[in-house]
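Data first, discussion second: the structure below is written as structure tokens.
Quick note: the coordinates plus some simple rules give every number you see, no bench work behind them. Given the structure is predicted, the values throughout are model-derived calculations rather than measurements. In this analysis, Cβ positions are derived from the backbone assuming ideal geometry, glycine residues included, and neighbour counts consider all displayed protein chains.
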Amino acid sequence: MMSSLTRFDNGVCPAYRISKTALNMYLKTLADRLKNITVSAFDPGWVKTDMGGPQAPREPEFPAKELYELVTRSHPTGNFWFAGRIRPW
């Protein structure tokens with residue numbers, strides 16, 4: 001969610017947020033240019049992994065299933081996905 005333009009959070013982690021926002025714009029640009037290819041961004045959320053730590057609320061199998069479903073079905077191009085739904089930019 002730190003790459004979303006819908007939340008500001010008092011400027012926390014600006015370099016990270018700016019880099020993620022740039023990637024989002026690149027995705028939108030690719031989606032516009034690649035007419036026969038579906039382009040999507042996927043947010044796995046905070047996942048219990050070595051990086052996410054044991055406090056993370058999501059077990060790895062949930063985002064893995066969501067990603068599998070995203071890449072194996074037809075959907076609109078140029079969107080940001082979380083938990084099987086389009087997330088606002």
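What FRET efficiency would be calculated for the residue pair residue 85, residue 21, taking the C-beta separation as r and a Förster radius of 22 Å, to the nearest 0.05? Before the final figure, lay out each step's value.
Numbers: r = 20 Å, r/R0 = 0.92.
It comes to 0.65.
If a paramagnetic tag sat 7 Å from the Cα of residue 13 along the Cα-Cβ line, which residues of the range 53-83 would have the backbone N under 16 Å from that point?
53-58
Can you bin the range 9-87 into rounded, prolate or oblate? Criterion: square roots of the alpha carbon gyration tensor eigenvalues sorted a ≥ b ≥ c, rounded for a/c under 1.5, prolate for a/b above b/c, oblate for the rest. Walk me through the numbers on the way to the answer.
Working: a/c = 2.76, a/b = 1.21, b/c = 2.27.
Oblate.
Using only DSSP helix segments of four residues or longer, with each worth -39500 (n - 2.57), what per-residue ellipticity at 222 nm results for the chain after dividing by its residue count and rounding to 500? Write out the running numbers ahead of the final one.
Values: 2 runs with 31 residues, N = 89.
About -11500 deg cm²/dmol.
Enumerate the amide H contacts of residue 42 below 5 Å, restricted to partners 5 or more residues apart or on another chain; note that Pro and chain-start residues carry no placed amide H.
Answer set, sorted by chain and number: 81.
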